[in-house]
Amino acid sequence: MLFDSHVTDRLEDAASLVNALTGGAAHGRPHPAPTGEQLPEAITAALPYLQEHTIDTDQAAYLVRTAQQLRLAFEAVSAGHTDDAAAVANTLLVATGARPRLRRDTDQPWRLHFHGADDSPAVSTSASCATGLALALDSDMTDRLGVCQATRCDRVYIDTTRNTARQFCSTACQNRTKAAAFRARRNTGTT
């Protein structure tokens, strides 16, 4: 069984925020966190649906704090510390005032939202990501939240494979790791 599409979308948003807004390493290279004028562009690149909104500096800072908290949760799950991840989720749920409600736009079906009608885009996004995280932690699929296992990469991912075999944030990191293992075997004569 996999997450339903709504939970998967919220978790993918969470992973996108973490990967775009937190520093570290990505695909074998340093990945500095965006700052200043780079920040709104990084946010809308991570979450294109926010392009229709103006993300001011306060909202950008809010999303950075959310991304930092979400990273802590992904890292906690990856390290087997689900209780720590749950504490982060609970903190985010309270901070964002996440609450489910149904809303329907003109000529559209009803949709479940996890934020207030008047919340800023930053709070709305953060509440949705926090709720997705909470729903993942409330399931038997917690192990589907991961941190890339490649050397010099700490990007996060959601494992949507049927066999829960994903270990890397991208095909690039998987290929890099396989190539390094092949070179190591070849150098030791055990191919």
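The values are calculated or read from the model by the stated rules, or taken from the named source; none is laboratory data. Predicted model, so just to flag it, every value in this text is computed and none were measured. Note: ideal-geometry Cβ built from the backbone for every residue, glycine included; neighbour counts use all protein chains shown.
Remarks
- Check on G116, of a type outside the set (S, T, Y) and in a loop (DSSP other than H, G, I, E, B): yes
- When segment 79-90 is limited to residues that are within 17 Å of C129 (Cα to Cα) and small (G, A, S), the one that is surrounded by the fewest Cβ atoms within 10 Å (Cβ to Cβ) turns out to be A87.
- Any hit, segment 91-98, residues being within 16 Å of the chain's Cα centre (by Cα) and either surrounded by 12 or more Cβ atoms within 10 Å (Cβ to Cβ) or farther than 21 Å from V147 by Cβ (or both): yes
- Among the residues of segment 118-162, those identified as among the basic types (K, R) and closer than 21 Å to Q68 by Cβ are R152, R155.
- Selection within segment 156-191 - in a helix (DSSP H, G or I), free of Cβ contacts under 8 Å to residues at least 24 places away in the same chain and among the basic types (K, R): K178, R183, R185, R186
- Within segment 57-68, the residues that satisfy the criterion of being of a type outside the set (A, V, I, L, M) and surrounded by 21 or more Cβ atoms within 10 Å (Cβ to Cβ) are Q59, T66.
This table checks each residue for (1) more than 21 Å from L72 (Cα to Cα); (2) of a type in the set (D, E); (3) in contact with a helix residue (DSSP H, G or I) (Cβ under 7 Å, 6 or more places away or on another chain).
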residue	(1), (2), (3)
G116	yes, no, no
A127	no, no, yes
L133	no, no, yes
V147	no, no, yes
D159	no, yes, yes
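- Residues of segment 113-151 that are surrounded by fewer than 17 Cβ atoms within 10 Å (Cβ to Cβ), closer than 30 Å to A165 by Cβ and in contact with a Lys or Arg (Cβ under 8 Å, 6 or more places away or on another chain): T151 alone.
- Tally of residues being touching a residue at least 12 places away in the same chain (Cβ under 8 Å), surrounded by 11 or more Cβ atoms within 10 Å (Cβ to Cβ) and within 17 Å of S5 (Cβ to Cβ) across segment 100-112: 1
- One residue stands out in segment 14-39 among those that are in a strand (DSSP E or B) and in contact (Cβ under 8 Å) with a residue 40 or more places away in the chain: the one that is farthest from V156 (Cα to Cα), namely R29.
- Pairs, first on the phi < 0 side of the Ramachandran plot in segment 48-61, second outside any helix (DSSP H, G or I) and modelled with pLDDT of 90 or more, C-beta under 7 Å, six or more apart: Q59/S120
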